[in-house]
């Protein structure tokens, strides 16, 4: 059976739009808790490894997202092998990660689970045998790494963006071809699910 392609940006935006405000506040609340935690350390934050700081922020994000989305209609919150996955309308599966640069890409391990998520084949709809569209809600820290400068939703295939990120909030961070919230999503041409990342289509 032919596997359905991931949703395009317009369709994905339509599903996620009612939840973007709660995603925004989840990240902001997690950052406030993280900054409070850093301020209560006996020494400077640099005494804690970047990995440990990132893990703590991730834990706060998980807690805030769970608090806001658990029990919502058409949303399912679940932990899978230590990672939080939020499913929207049984069509979009969302994970949460830190962006590694202004190109809004993430790093992933080479576990079977990570590769399946990166290949858009891990999360299956419970109403069909088709995979859901896999997206990442990620954050980018500022230059001092003490505050969030951007939160966006991305959809990638083997590490390459399939369409322009959906911006949740931004503070002086510029991403090429990123539409404003007022303009809404623009239609794009996507690569096939089965094509490798180097065939992903860039938006003009």
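No value in this document is a laboratory result; all are computed from the given coordinates. Everything quoted here is computed from the prediction, not taken from an experiment. Glycine also receives a Cβ, built like all others from the backbone with ideal geometry; neighbour counts cover every protein chain displayed.
Net length available on complete extension from residue 36 to residue 10 is 5.6 nm, with 0.36 nm assigned per residue and the Cα-Cα distance removed.
A simple spin-label model places pseudo-atoms 7 Å from Cα toward Cβ; at residue 158 and residue 47 they are separated by 4.6 nm.
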